[in-house]
Amino acid sequence: MRAFSYVSAPDVATAVRAVSETPNAKFLGGGTNLVDLMRENIEHPDVLVDVSRLPLNGVEELPDGGLRIGATVRNSALAAHPLVRTRYPVVSQAVLNGASAQLRNMATVGGNLLQRTRCLYFYDTASPCNKREPGSGCAALGGFTRDAGILGVSERCVATHPSDLCVALVALGAVVEVESTRGTRRIPLTDLHRLPADTPQRETVLERDELITAVELPPVPAAANSRYRKVRDRASYAFALVSVAAALRLDGDTITEARLALGGIAPKPWRANEAEHVLTGARATEETFDRAAAAELDRAQAVGDNAFKIELTRRTIVATLRELTHEGSRP
Amino acid sequence: MAELRVRVNGADHLLDIPPQVSLLDALREHLGLTGTKKGCDQGACGACTVLADGERINACLALAVQYADREITTIEGIDHPIQEAFVRHDGFQCGYCTSGQICSAIGMLAEHKDGMPSAVTGEPSAEGEELTDEEIRERMSGNLCRCGAYHGIVEAIGEVAR
Ligand SMILES: Cc1cc2nc3c(=O)[nH]c(=O)nc-3n(C[C@H](O)[C@H](O)[C@H](O)COP(=O)(O)OP(=O)(O)OC[C@H]3O[C@@H](n4cnc5c(N)ncnc54)[C@H](O)[C@@H]3O)c2cc1C
Ligand code: SF4
Ligand code: FES
Ligand code: FES
């Protein structure tokens, strides 16, 4: 690993100033992604500003019934929080389906949102990669595409966003709070990550010196009946091939509120707006679920040999909605 | 280069190391505590699992500076019934993953006691349930065993948990 200097920030203002004033400085959370990328010589900051011990580690109830999650809350603490488990079970399940217990004890919420793709060629510095080295090409095209996306990808980059937590948060309409020397701004999580288009190296709308301080969840009545379903190559400790975060509220057999997001298949956590549109107000039947999945996957395209992911996504959406219908209509 | 104070197995040590040194390398290369193993050095195998204030972490992705004020416990500092259970149940073959498995199991038992759910745990009301084999397998999935001693590992942990 290349040499760098390390500063531990005592408060938000110091952290933000330190990164703002130092050209090649980066925030450090739990380090589970950044340290790995530095060791692989993919990231090489000169200065790490450790924000993992900032006093942003609380989960608080908001007056409107929503939840404010501090950016340094550990992934494990988030998953275990009683309010998260009862009001937003999909969030707890998404976290628990990601990484390992050791990594979840280390990883922060802020770091989880900004973790980078697991595209094999992004990690292999001998391969061309537009994300790692803009303009060098994309080794995934014509290569191994099992982990590549089917929605939102471009000819420059077909990589997927690997976070499970983000998929649950985006389904619930989470808002990210960001702090810099220029003040505070609030960004809906759907707008935080960018699609690759011609600039896959630009992954989010954040500036280099913007610190994530919190994630807020609005009250979502449907979320009490929510679920995260992840399909992967082994039963645990593997990234998603396809994942679905869903929430359904039912009145009899009518869907009054639907939330759906997809993981493992797009460059960003994918809010399934088209599917939600079909579901809302419709009857909770297999036919409706099929139509919803078809509407969302209408523009899906296989990359190389990953056509199986389109069908796998369709089936996982339908299975998750079916499960929630059984649970949601229990008295 | 600043001196770093680390606390390992109850003893304080002063280390003269740059910030890029991982906790794993600090333990193995600088303190001579080679019981903690390096498998992948990228968070993917669990061989480097140690306890920080009783919580299990992967020492390979931990910068030593980030853990300077934490109480680190490695296999050298452990005396726990799980160790004999591993012997009784053939919970290992080559032994390379074993120190990580033991540290991880101790951290896992504490998490379960604190009510930490897992991906296979049901509703919050199902809390306090015993650690089934399915729970143990899921909660221990961060520790790979290349020799495939999983049956013995699950039995050993199950015996101590129940
Ligand atoms: C073997 C392995 C398996 C994994 N499996 C999964 C999985 O199945 N599912 C899954 O979702 N994840 C998985 N992960 C990824 C893991 O969830 C992330 O590495 C972790 O969430 C990152 O959090 P961190 O705090 O360690 O971030 P860091 O590594 O510290 O930082 C990541 C990035 O975020 C930036 N950053 C950190 N905090 C802030 C902040 N507050 N504001 C602004 N920028 C910030 C850093 O500068 C860096 O660019 C896996 C990781 C490993 C190593
Ligand atoms: S898919 Fe994206 S990250 Fe992967 S090699 Fe191509 S450009 Fe790089
Ligand atoms: S050596 Fe740390 S997880 Fe493999
Ligand atoms: S005993 Fe050999 S790797 Fe587990």
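The values are calculated or read from the model by the stated rules, or taken from the named source; none is laboratory data. Remember, it's a predicted structure, so these values are computed and weren't measured experimentally. All Cβ positions, even for glycine, are placed from backbone atoms using ideal geometry, and neighbour counts span all protein chains on display. All accessible areas refer to the heavy atoms of the entire protein, side chains included, with ligands and DNA or RNA removed. Shrake-Rupley method; radii C 1.70, N 1.55, O 1.52, S 1.80 Å.
List of remarks:
- Candidates A:V51, A:V90, A:V19: whichever shows maximal mean-square fluctuation once chain A is modelled as a Gaussian network with Cα springs under 10 Å: A:V19
- Extent along principal axes [Cα atoms of the range A:222-328; Å; largest to smallest]: 42, 29, 22
- Between B:E3 and A:T256, the FRET efficiency from the beta-carbon distance, with R0 = 60 Å, is close to 0.45.
- The eigenvalues of the Cα gyration tensor, multiplied by 5 and square-rooted, give the range B:81-161 an equivalent ellipsoid with semi-axes of 23, 12, 10 Å from largest to smallest.
- Distance in nm between pseudo-label sites at A:H44 and A:R185 (7 Å out along the Cβ direction from Cα): 3.0
- Among the listed pairs A:K268/B:K113; A:K309/B:K38; A:K230/B:K113; A:K26/B:K38; A:K309/B:K37, those with a Cα-Cα distance over 32 Å are A:K268/B:K113; A:K309/B:K38; A:K309/B:K37.
- Under 5 Å from the amide H of A:S5 lie the amide H atoms of A:V47, A:L48, each residue being 5 or more positions distant or on a separate chain, with H modelled from the backbone and absent for Pro and chain starts.
- In a reduced charge model with +1 at each Lys and Arg Cβ and -1 at each Asp and Glu Cβ, the protein assembly as shown shows a dipole moment near 820 debye about its Cα centre.
- Helical runs (DSSP H, four residues minimum) scored at -39500 (n - 2.57) apiece and divided by the length of chain B put the mean residue ellipticity at 222 nm at -8000 deg cm²/dmol.
- Shielding by other protein chains, B:32-42, mean Cβ within 10 Å: 1
- Qualifying GluC sites (Glu not before Pro) in the range A:169-226, where qualification requires a DSSP coil assignment and no more than 10 other C-beta atoms within 10 Å, are lacking entirely.
- CD proxy at 222 nm, helix term only [per DSSP H run n ≥ 4: -39500 (n - 2.57); per residue of chain A; nearest 500]: -8000 deg cm²/dmol
- Sequence-ordered 3J(HN,Hα) estimates for the range A:103-117 from the Karplus curve with 6.51, -1.76 and 1.60 and θ = phi - 60° stand at 5, 5, 5, 8, 5, 9, 5, x, x, 4, 4, 9, 4, 9, 4 Hz, glycine and proline given as x.
- The range A:130-193 - Rg and Dmax from Cα coordinates, angstrom: 15.4, 44
- Long-range HN-HN contacts of A:C119 with modeled amide H, under 5 Å: A:T160
- In the B-A interface, the accessible area buried, summed over both sides, Å² (probe 1.4 Å): 2900
- Taking the empirical scaling 2.2 N^0.38 Å for compact globular proteins as reference, the range B:2-74 has a Cα radius of gyration ratio of 0.97.
- Take the Cα of A:A126, step 7 Å toward its Cβ, do the same at A:R2, and the gap between the two points is 2.1 nm.
- Normalising the average separation of contacting C-alpha pairs (under 8 angstrom, six or more residues apart) by the number of residues puts the relative contact order of chain A at 17 percent.
- 3J(HN,Hα) from dihedral phi, the range B:38-55, Karplus parametrisation 6.51/-1.76/1.60, rounded to Hz, x for glycine, proline: 10, x, 10, 6, 9, x, 9, 10, x, 4, 8, 4, 10, 10, 10, 6, x, 9
- Taking the longest Cα principal axis of chain A as reference, the axis of helix A:12-21 is set at about 60 degrees.
- Mean projected area of the Cα convex hull of the range A:31-134, taken over all directions, amounts to 8.2 nm².
- Our coupling estimate for the range A:72-88, obtained by passing each phi through the Karplus curve with A = 6.51, B = -1.76, C = 1.60 and θ = phi - 60°, is 9, 4, 6, 3, 5, 5, 4, 5, 8, 5, x, 5, 5, 5, 8, 8, 9 Hz, Gly and Pro reported as x.
- Shape box of chain A [Cα atoms, principal axes, largest first, Å]: 60, 51, 34
- Calculated on the Cα set of the range A:166-286, radius of gyration then Dmax: 16.3, 51 Å.
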